[in-house]
Amino acid sequence: MNVKQKIVNGLDMLRLYWKTPPYGRYMNFKEIVSLSVGSMGVKFVTYCVQNMILYVGNTLIGNTIGISPSKLYLIYVIAIASGFPLTTLRANLIDSARSKKGKYRPYILTMGIPTALLAIGFCWMPYDSMVEWQKCVVVLLFNIAFQFFYNFFYDANESILNVLSPNTIERSDVCSIKTIIDSFAPTIANAILPVLARLITGENKLYDLRVMRLVYPAFIILGLLMSILIYVNTEEKIVQAKTHVHTMRFIDALRAVARNKYFWIISLAGWLGFLENSFANIIGWLYNYQNACEAGQYSLITLISGNASLWPMMFAPFMIRAIGKRNMLVFSNLLNIMFILVMLPIINYGDMSKIIWLLLVCVFVNTMATQLGHILTPSLNADIRDYQQYITGERIDGMFVAVGLIGSIVTMITSSVLPSIQEHYGLNESVAASLGYSNVYDVLYNTDYFRSICSVMVVASVIGAALNVLPFFFYDLTELRQKAMVQVLKIRAMFEDFGNNVLNDAALVETIEIIEEAKSYVDRTPHVLNKKEVKAAKKDGKDAYKQAKAAYKEKKSDNEKIEIAQFVMREMNRFESAQGKADVAVAKQLVSAGLNGFTGVDVGSLADAKKLPKKTQEEKEIRNAAIEQVRGVAVAKKLIAKYYPDGISEFDMDSYEKLFALEAEKDTEIKAAIAALKQAREANDSELAAAKKEELASLKRVRSEIKAEIKRAEKQYSLYNRAAKPYLAAKKLLIQQENYRHYDEIYAQYEESKARVEKEYADRLAKDAAEKAASEEYAAKLKAEKAAKKKK
């Protein structure tokens, strides 16, 4: 197949799956393109705002705006502290989201607009006419606002992929495509900024107020407009029952996330590696303080170093399939250490104009290695959220950010380490004064101090990279296990939807096929895999080698299916196991005792629960469940005594849901009233406009009352769920047991459901093909008309 034919086939695939996902996938190509281009827009905004965010060593705020290091650190600590309640609020908003638009999608728009306005406002503040304390106040206030709006906007973009597909391989593939495209934003910005800075200032000044005021707003507005594609063209897909209601309150979610070991492994790696990027400013310093190259050359250097991110993005999906995410993380970090070390002798080399190019080689390779790890971050975060849902039954997303506040405290403590090192080795006021400089960063104009400080930063980076890799040796959530967990989640969702009479054909067909395949593999013996046999087959010719390779892949695939089958069938037979029967027996006692009697049921002591074995993963899960049950009954007993002294009764869910329906109804009426008011004003009908204005005000008052009622009901509902948690969990378990008994009944619907699903899929493809044919026919007609006009 020649290149032209490959391009044609690629375009055909693009058209075919533009609106319909490929078989076994969840995202169509339109979603992938919109996510990637929209994310590129977010990265344009990020490129600018990151320079406005407070951190120790911020050159724009410290040097350009003019805030001394001690005061910079003080307002940095205040900004971080202000972020704690704001982050908690963000987490609650995400995890309690009831919008049909999703958990993250709405915030791309609602947080993107205020972020852009704040960033442009930050650029145009009159810092030149302010004294230092005024600059501190202004920068701090903007950063407090950034803590909420910008971080929400940024997190929404980073996290939305977690809920666009439950398939970890698809998420990794899409993440690579997205990362390739969105990396063009900083690459483009880094390439043109030095040239624009030279044109604006006449010097090599990247961090200049004139540059910030003229260039940043253009990047921000462009980025915001591009980011809207994510909001318009993507759809969130979370694997849980349609009728599932999120009931986990903040402290429970916090406690649940805190026990997620994979979250701590990923977090710990980041915290321990806080020194890893210490070398990051060296090339910029060479340009700014040592005049190691011209503006055009520096643009080329930033373009080349930015291009380093491209290559790992292209190969990451294949590496993930070949060696897995955990091994890829370990490999990339070890590669990182090696190439950071190489920088040490280079810095102490002679000519600065040569050093910058030699360092570029190291930075290029280092960026490639680092990018391998960064590519995995969204996919890893999505996997640990799937794991959280698997062990708790609740989809928790925002609370991971809230628990991550611990990282902010760690960062706040560790962020003083690097400045202290730099200060010790010469980046301080006394050295600056001795050299005749008023700004501490001007010390870097001195070649001896420059080499000394940069050498120490390289050593610090090596230490940081070495610490960063250690936690990943304990990460054992494999791609296979994640796939098995998602299949179990689909099974749970299917039975819950069946019990609530909302099971759709697509979910039924997919889940039945998962279960039936597991049944056919669960009792099989895994194959013994031997790669040496495949290599030995090369001696027998090309065809023999191909056959051996195909046989090896088939055996490997069978082994994976056998392993997944153990997960699936353990879930299907959970109520037949000894532990399952024991859980059901306790659940029956709790439900039989009723809402006002379940706290009197003997569920054992906490000491006995903690004595349960915990050698295997299954034993750990049983032990944790027993501890939770004992604690749950104890907490419920206290809450009922405190808040329900006269007895607790079932929460009125119908009235609760009606409040949200009323709110949606009023939202629709308000939109209609706004449109009617606009029409009245355009028609210059003052009487009608006054009436519509009054009607609008009345509707808004009613909606405010409904919102207040919803808030009160949510508090009551949260309290009810906390007080009745063991009883409700027991009731849910018994309903789940009953639903699982109806598998044969669900299976009987399989053939009819499959026929409908296949017809619907074929109809969608046929519609896309018809649209393509019509488009081609129209294009051919236009060409013919143009050709006819030319002949005349």
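Before moving on, here are some points about what is shown:
- Looking only at residues in segment 594-607 that are assigned to a helix (DSSP H, G or I) and in contact (Cβ under 8 Å) with a residue 12 or more places away in the chain, the one that is farthest from Glu571 (Cα to Cα) is Thr599.
- Residues in segment 631-656 that are assigned to a helix (DSSP H, G or I), surrounded by 12 or more Cβ atoms within 10 Å (Cβ to Cβ) and of a type outside the set (Lys, Arg): 9 in all.
- Contacts under 7 angstrom Cβ, first residue in segment 120-141 being basic (Lys, Arg), partner part of a helix (DSSP H, G or I), 6 or more apart: Lys135/Ile65; Lys135/Gly66; Lys135/Tyr127
- Pair list, Cβ < 8 Å and 6+ apart or interchain, from segment 696-712 residues that are under 22 Å from Leu677 (Cβ atoms) to residues that are open to solvent by 60 Å² or more (accessible area, probe 1.4 Å): Leu696/Ile674; Leu699/Glu669; Ile706/Leu662
- Unique residue being among the aromatic types (Phe, Trp, Tyr), open to solvent by 10 Å² or more (accessible area, probe 1.4 Å) and in a helix (DSSP H, G or I) when the list is Tyr441, Tyr437: Tyr441
- Wholly within segment 286-352, helices (runs of 4 or more DSSP H) carrying at least 2 residues that are over 29 Å from Val440 (Cβ atoms): 295-307, 310-323, 325-341
- Criterion violated by Asp583 - all others in (1) in a loop (DSSP other than H, G, I, E, B); (2) under 30 Å from Lys637 (Cα atoms); (3) at pLDDT below 90 satisfied: (1)
Matching residues to (1) modelled with pLDDT under 75; (2) open to solvent by 60 Å² or more (accessible area, probe 1.4 Å):
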| position | (1), (2) |
| --- | --- |
| Trp18 | no, yes |
| Leu35 | no, no |
| Met40 | no, no |
| Phe44 | no, no |
| Asn63 | yes, no |
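- Restricting attention to segment 523-576 and to residues that are of a type in the set (Asp, Glu) and assigned to a helix (DSSP H, G or I), the residue that is farthest from Met485 (Cα to Cα) turns out to be Asp540.
- Here Ala680 fits the description: at pLDDT below 90, aliphatic (A, V, I, L, M), buried (at least 16 other Cβ atoms within 10 Å of the Cβ) and touching a Lys or Arg at 6+ places or on another chain (Cβ under 8 Å).
- Meets criteria (within 30 Å of Ile640 (Cβ to Cβ) and open to solvent by 80 Å² or more (accessible area, probe 1.4 Å)) for Lys732: yes
For (1) at pLDDT 85 or above; (2) more than 22 Å from Arg524 (Cα to Cα); (3) basic (Lys, Arg), each residue gets a yes or a no:
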position: Ala550; (1), (2), (3): yes, no, no
position: Lys553; (1), (2), (3): yes, no, yes
position: Lys610; (1), (2), (3): yes, yes, yes
position: Glu619; (1), (2), (3): no, yes, no
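- Only one entry of Ala713, Ala723 meets the criterion of being within 15 Å of Phe651 (Cβ to Cβ) and modelled with pLDDT of 90 or more, and that entry is Ala723.
The values are calculated or read from the model by the stated rules, or taken from the named source; none is laboratory data. Note that the coordinates shown come from a computational prediction; the quantities given were computed from them, not determined experimentally. Every residue, glycine as well, gets a Cβ built from its backbone with ideal geometry; the counts of neighbours run over all protein chains shown. We work out accessible area using only protein heavy atoms, side chains counted, and drop any ligands, DNA or RNA first. Shrake-Rupley method; radii C 1.70, N 1.55, O 1.52, S 1.80 Å.
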